Amino acid sequence: MTKAMPQHASQPRSPAVAPATNGAIPVAAQPDAQPAADEIVQPGTLLDGSPQQAGTQTLLRGLAILEAAAAGVRDLRSFGAVLGTTRSTTHRLVSSLVQARYLRQVQGGYLLGPKLIELGTIALEQMPLTAVARAHLEALADHTRDTIHLGVRDGDDVLYIDKIPGQRGLEMRSRVGHRMPLASTGIGKAMMLDLAPDAWRKLYDASRRTLAGASFKPDHHPDPDAFLKRMTTYAAGGYTFDLEENEISIRCVAAPVRDASGAIVAALSVASTIPYMPLERMDELIPVVQHEARAISLELGWRAPQPVARRIRR
């Protein structure tokens, strides 16, 4: 990326530089300049950063292109529309990313490149949680023969950071790097257990908005009152269920993972189809899943609360 960055990117195009307003990226002031044609004007969720000086625009635009490609953008015109850049600027940025292997050119456009796979693998290896949890996930997979997930919270979503496929020949649409609304998944709800009912309701509403536009339609959506009642039960028991709220015919049992401060930092789940996951088995799996979640928590520094000793008055 650094070698591909233009040498003049950090230099203003004229002595007068307009100050940033309303979060816009500063652009050199010229009599005939048209800043809107050369700024990131539609970042949305594709670029989530604070306003930067002109010298960082190339870097930010490059990152925005990668985010856009991850979101499904494929051609130069669409990249330019996202960034608000001219065709020549867009072509230069995309070509640099292809040369650095962050993008790859295919028939019909551009896709994310192999360099990101390399970096993503390294990032997972450097995340202590995945390294600590892996042995426990494997133990759970061997014991249950079902699909095992490990996830962390990312805003209103759960981000899957590890997955062990089941041994029953079943395949689920979840994958490492996949995101789903917290309130529609068992693993997501496990990360909500410490929240107040008002927060449960907000995340429930966010989940319904997200799933309203989904191509798949989960079988069972509890109404708000039923959802809050379930969450109250889950919070008291330290576990959660997914009763086909995320994927048709899929059920799961989940439990939270805590760090040294006692905060929930992740969750794990066991998932399978209804024939292998009747309600009776789900109840039996609660202590099994909790055991592995607590084992991971202990390795992260968590300590189970000790009962308060009662003093006997003499």
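The values are calculated or read from the model by the stated rules, or taken from the named source; none is laboratory data. Here the structure is a predicted model, which means the values were calculated and not measured. Using ideal geometry, Cβ is built from the backbone for each residue, glycine included, and neighbour counts are taken over all protein chains shown.
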Find the residue count for the range 87-116, including only residues that are more than 23 Å from the chain's Cα centre (by Cα), part of a loop (DSSP other than H, G, I, E, B) and surrounded by 13 or more Cβ atoms within 10 Å (Cβ to Cβ). 2
Please go through (1) aliphatic (A, V, I, L, M); (2) surrounded by 14 or more Cβ atoms within 10 Å (Cβ to Cβ); (3) within 19 Å of the chain's Cα centre (by Cα) for Ile296 and return the number of the only condition it doesn't satisfy. (3)
Here are the criteria: (1) touching a residue at least 40 places away in the same chain (Cβ under 8 Å); (2) over 19 Å from Val152 (Cα atoms); (3) not in a helix (DSSP H, G or I). Tell me which single one Phe227 does not satisfy. (3)
In the range 226-262, the residues that are out of contact with any helix residue (DSSP H, G or I) (no Cβ under 7 Å at 6 or more places or on another chain), among the aliphatic types (A, V, I, L, M) and modelled with pLDDT of 95 or more: Ala235, Ala236
Selection status of Lys202, assigned by TED's automatic domain parsing to the domain that holds Ser78 and either modelled with pLDDT under 90 or assigned to a helix (DSSP H, G or I) (or both): no
